[in-house]
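First up is the structure itself, then whatever we jot down about it.
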Amino acid sequence: MLEEIRTKIEQEISKLMHELNVDLPVRIKIAREHGDLKENAEFKAAKERQAFVQVRLNHLTTRMTELSKIDLSDLAYDRVGFGSRVKIHDMELEEDFVFTITAGDFIDLDAGQVSLESPMGRGLLGVKEGEDVTIQLPAGQRLYKVLTVSTLPQQLED
């Protein structure tokens, strides 16, 4: 899981670096050639995009630093945490859901990923298999039963 996240971040950094160093300078140069910069929407849009790309690159660089600090030996073996694959039962809907707890902004509900930063991720953090947990979601409180937990250290053993 860590390698998958690192790969995604590295790919996005590469794409953004190309945009920042190649595409945007060309767009800014062309926009400058159109004249008055005060009323030049193309110039303004390119500069705004440039600022956004720089902020996003800083964020991704920070994320890479955070990932490099994760020590798998520090992760709980029997409790929900980063990288855990969790199967829960929604007591109200009488439905089961399976997902993987991911870091930060790497969320893909279609792929069954839930962020540690989300209400669901925060609510399940530290919960053991077999426990009931009440989680405050935007739609209100929900009661879940944790059916199975496969932690990242357990997955790496398999």
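The values are calculated or read from the model by the stated rules, or taken from the named source; none is laboratory data. As the structure is a computational prediction, the values presented were derived from the model and not from experiment. All Cβ positions, glycine included, derive from the backbone under ideal geometry; neighbour counts span all protein chains shown.
Quick notes
- Qualifying residue in region 9-24 (condition: under 26 Å from the mean Cα position of the chain (by Cα), closer than 30 Å to VAL146 by Cβ and either hydroxyl-bearing (Ser, Thr, Tyr) or part of a loop (DSSP other than H, G, I, E, B) (or both)): no
- Evaluated against (1) surrounded by 11 or more Cβ atoms within 10 Å (Cβ to Cβ); (2) polar (S, T, N, Q); (3) modelled with pLDDT of 90 or more, GLN11 falls short on exactly one condition, (1).
- From the options THR148, THR102, residue that is buried (at least 18 other Cβ atoms within 10 Å of the Cβ) and among the β-branched types (Val, Ile, Thr): THR102
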